[in-house]
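Enquirer: What follows is a single structure, and I will ask about it in a moment.
The values are calculated or read from the model by the stated rules, or taken from the named source; none is laboratory data. All values reported here derive from a predicted model rather than from experimental measurement. Cβ sites come from the backbone with ideal geometry, for glycine too, and all protein chains shown count toward neighbours.
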Amino acid sequence: MNICFATSECVPFVKTGGLADVCGALPRALDRLGCNVKLFLPLYQSIRTMDHGLTYASDLGEMIVRVGMQDVGFHTWHGTIPDSNVDVYLIDCPRYFHRPTPYTSDPDEDERFILFQYAIFSVLQRYAWAPDVFHCNDWQTGLIPAIIRLNYEWDDLFRPAASVMAIHNIGYQGRFNPLTLLKARLPQEHYYPTGPFELFGSFSFLKSGLVFADLLVTVSENYAREIQTSEFGEGLQGLLASRRGELYGILNGIDVDVWNPAIDPYLTDHFSADDIEGKALNKQQLLASFGLPYREDTPVVGIVSRFADQKGFELLHPMMEPFLRAHDVQFVVLGSGEPRHERFFSWLQATFPTRVGVYIGYNERLSHLIEAGSDLFLMPSRYEPCGLNQMYSLVYGTVPVVRYTGGLADTVRDSDGEPATGNGFTFDWFTSESVYDSLVRALEAYRTPERWRTIMKRGMNADFSWEASARKYLALYEKAVDTRRMHTLK
Ligand code: ADP
């Protein structure tokens, strides 16, 4: 099966969040299952072609895409996802992609991803490569399903192609001024209140994908249910509920070649469920790297996250100081984002200099060391489509304490509520007291070493590899192809 995978981020080229992990791992797993995958990605300023062995596609040369009234030129670079046959095509348009960050709030943010999406069609046409399925990820590629149906129906290469729209986070909807429709060269007749392109008075790339794609998928079964409700649907719940028969939830896997404590390339001391000694060495290294004293019996709670509204860190503001005063515990925090959270964690570190370590920023190596060296991992998310860190935590023997929402609810079971199968601690209510209470319950379990080891080992023995999820995606693609064939026959 030929799959065109369109994404705005992908490990190892560029990453701002979990989307990049998924787009680096799923295509590789599909490749192993015998699929033929071509992945498209913008060539951002931060991607150094030499580091990834990328070569300039001189056979394509400069190509032109029309963005509104302008002809915009781009070039293409080619590479592969490491250890795979997955072709990666990087769309090189310095005018749009040479900016300090992959995403911006610049006035031409819409144009950047309009160019990217049309460039994919131009490259595929030049190679005369017919995808069976376009797999689109989040709003940055949300116009593709509409572009196939409304602008490329004349092209035999694309007419039979099915499209799957993947929602990694429904909070990001790609909403722009309705005039952006003209830049995207899509017919205005579909823009009207509650129509296929309209959301809250703006033109939404994501909604357009959710209307025109043959099938919809999101990153956990629970999130697939949640986004059909007004609490989580961000205004798209009605549309999603009306397409519930075509909306699937497939839990993300994790890349076990990288996120595996027995071989993790970022760690100097490896460990596994059968040989757990190395975990204590990682704890020592972790605390040393934050300049914190090491005490064997003091549990360490890790946090690695974007500090975004979704992640629920405001719950920590009122409870952390009393919690730290009442309990023998240390915290290590890695993240960046909303200034109020950055300020809060910096203040906490200044208030408890021997008990709280904070690194404001992005640091891949440190994120691995936190997973390996912490005893517990905290995720108080308001919502969490899938969440990767709780799965990394489980396989690293770092017991997760999470809010019972989205993919967190699909992967973490409370050890008090379900003693026979529990692998972590969960709380329902989005309140500071709930976080406090679940951390206290976790610390109590930590004080009972035998129970703690059982909980840890359950997590470490879980299988979150991509293979099972990739098989589900393959079945989904087959269904999408059938669905499209039926439409074509009508
Ligand atoms: P989201 O995509 O909403 O950010 P996920 O849990 O799905 O959340 O994925 C987050 C990914 O980004 C994980 O791989 C996590 O380790 C990584 N990450 C988040 N913040 C940082 C950071 N400051 N430094 C290093 N890695 C980070």
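Enquirer: For the range 299-344, give me the residue count where each residue is near the ligand (Cβ under 10 Å from one of its atoms) and either touching a strand residue (DSSP E or B) at 6+ places or on another chain (Cβ under 7 Å) or of a type in the set (Ser, Thr, Tyr) (or both).
Expert: Counting residues in the range 299-344 that are near the ligand (Cβ under 10 Å from one of its atoms) and either touching a strand residue (DSSP E or B) at 6+ places or on another chain (Cβ under 7 Å) or of a type in the set (Ser, Thr, Tyr) (or both) gives 12.
Enquirer: So which residues in the range 205-252 are surrounded by 24 or more Cβ atoms within 10 Å (Cβ to Cβ) and small (Gly, Ala, Ser)?
Expert: Hits for the range 205-252 are SER208, GLY209, ALA213.
Enquirer: Something else now. Of all residues in the range 23-33, which are touching an Asp or Glu at 6+ places or on another chain (Cβ under 9 Å) and within 15 Å of the ligand (Cβ to nearest atom)?
Expert: CYS23, GLY24, ALA25
Enquirer: In the range 59-117, which strands (runs of 3 or more DSSP E) lie fully inside it and hold 3 or more residues that are crowded, with 21+ Cβ neighbours inside 10 Å and among the aliphatic types (A, V, I, L, M)?
Expert: Values: elements: 63-67, 70-80, 87-92.
In the range 59-117, 87-92 are the strands (runs of 3 or more DSSP E) which contain 3 or more residues that are crowded, with 21+ Cβ neighbours inside 10 Å and among the aliphatic types (A, V, I, L, M).
Enquirer: Still on this structure, I have one more. Looking at the range 383-407, I want the residues that are assigned by TED's automatic domain parsing to the domain that holds PHE331 and charged (D, E, K, R) and have a partner that is in a helix (DSSP H, G or I) and within 11 Å of the ligand (Cβ to nearest atom) with Cβ atoms under 6 Å, at least 6 apart or on another chain. Which pairs are those?
Expert: Pairs that qualify, where the first residue is assigned by TED's automatic domain parsing to the domain that holds PHE331 and charged (D, E, K, R) and the partner is in a helix (DSSP H, G or I) and within 11 Å of the ligand (Cβ to nearest atom), are GLU384/GLY406; GLU384/GLY407; GLU384/LEU408.
Enquirer: If you take the residues of the range 5-17 that are over 14 Å from SER46 (Cα atoms) and surrounded by 22 or more Cβ atoms within 10 Å (Cβ to Cβ), which of them is nearest to the ligand (Cβ to nearest atom)?
Expert: If we take residues in the range 5-17 being over 14 Å from SER46 (Cα atoms) and surrounded by 22 or more Cβ atoms within 10 Å (Cβ to Cβ), then THR7 is nearest to the ligand (Cβ to nearest atom).
Enquirer: I would also like to ask the following. For the range 365-410, give me each residue that is farther than 21 Å from HIS317 by Cα, away from the ligand (no atom under 11 Å from the Cβ) and not in a loop (DSSP other than H, G, I, E, B).
Expert: Listed by number, the residues that qualify are ALA372, GLY373, LEU394, VAL395, VAL399, ALA409, ASP410.
Enquirer: Quick check: is even one residue across the range 170-185 under 20 Å from LYS479 (Cβ atoms), within 20 Å of the chain's Cα centre (by Cα), within 16 Å of the ligand (Cβ to nearest atom) and crowded, with 16+ Cβ neighbours inside 10 Å?
Expert: Checked the range 170-185: no residue is under 20 Å from LYS479 (Cβ atoms), within 20 Å of the chain's Cα centre (by Cα), within 16 Å of the ligand (Cβ to nearest atom) and crowded, with 16+ Cβ neighbours inside 10 Å.
Enquirer: Let me ask you something else. Residue by residue through the range 290-336, note down the ones that are touching a residue at least 12 places away in the same chain (Cβ under 8 Å), more than 19 Å from THR405 (Cβ to Cβ) and of a type in the set (A, V, I, L, M, F, W, C).
Expert: PHE290, LEU292, VAL300, VAL301, MET320, PHE323, LEU324, VAL329, PHE331, VAL332, VAL333, LEU334
Enquirer: Please indicate, with yes or no, whether at least one residue in the range 435-448 is within 26 Å of VAL256 (Cβ to Cβ), touching a helix residue (DSSP H, G or I) at 6+ places or on another chain (Cβ under 7 Å) and assigned by TED's automatic domain parsing to the domain that holds GLU314.
Expert: No; the residues of the range 435-448 include none that is within 26 Å of VAL256 (Cβ to Cβ), touching a helix residue (DSSP H, G or I) at 6+ places or on another chain (Cβ under 7 Å) and assigned by TED's automatic domain parsing to the domain that holds GLU314.
Enquirer: I'd like to know if the range 75-85 contains one or more residues that are of a type in the set (Asp, Glu) and at positive phi. Outline the logic, then answer.
Expert: Just the residues of the range 75-85 that are of a type in the set (Asp, Glu), to begin with: 83.
Then drop every residue that is not at positive phi, which leaves 83.
Yes, the range 75-85 contains a residue that is of a type in the set (Asp, Glu) and at positive phi.
Enquirer: Quick one: would you say TYR89 is farther than 24 Å from ALA213 by Cβ and either free of Cβ contacts under 8 Å to residues at least 24 places away in the same chain or in the same structural domain as ARG126 (by TED's automatic domain parsing) (or both)?
Expert: On the way: farther than 24 Å from ALA213 by Cβ: no; either free of Cβ contacts under 8 Å to residues at least 24 places away in the same chain or in the same structural domain as ARG126 (by TED's automatic domain parsing) (or both): yes.
So TYR89 does not fit the description; no.
Enquirer: Quick check on ASN137: is it more than 22 Å from ASP71 (Cβ to Cβ) and modelled with pLDDT of 95 or more?
Expert: yes
Enquirer: Does TYR362 count as within 19 Å of GLY17 (Cα to Cα), at pLDDT below 95 and within 12 Å of the ligand (Cβ to nearest atom)? Step through it out loud before you land on a result.
Expert: On the way: within 19 Å of GLY17 (Cα to Cα): yes; at pLDDT below 95: yes; within 12 Å of the ligand (Cβ to nearest atom): yes.
Yes.
Enquirer: What single numbered condition from (1) in a loop (DSSP other than H, G, I, E, B); (2) modelled with pLDDT of 95 or more; (3) within 16 Å of the ligand (Cβ to nearest atom) fails to hold for TYR294?
Expert: (3)
Enquirer: Moving on to the next point. In the range 164-244, which helices (runs of 4 or more DSSP H) lie fully inside it and hold 1 or more residues that are in the same structural domain as GLU111 (by TED's automatic domain parsing) and under 24 Å from ASP309 (Cβ atoms)?
Expert: Result: 205-212, 221-226, 237-242.
Enquirer: As an exercise: evaluate ASP132 against (1) buried (at least 23 other Cβ atoms within 10 Å of the Cβ); (2) closer than 19 Å to ILE250 by Cβ and give the number of the one condition it does not meet.
Expert: (1)
Enquirer: May I pose another question? Mind telling me which of the residues ARG451, ARG403, ARG441 ends up being touching a Gly at 6+ places or on another chain (Cβ under 9 Å) and modelled with pLDDT of 95 or more?
Expert: The conditions single out ARG403.
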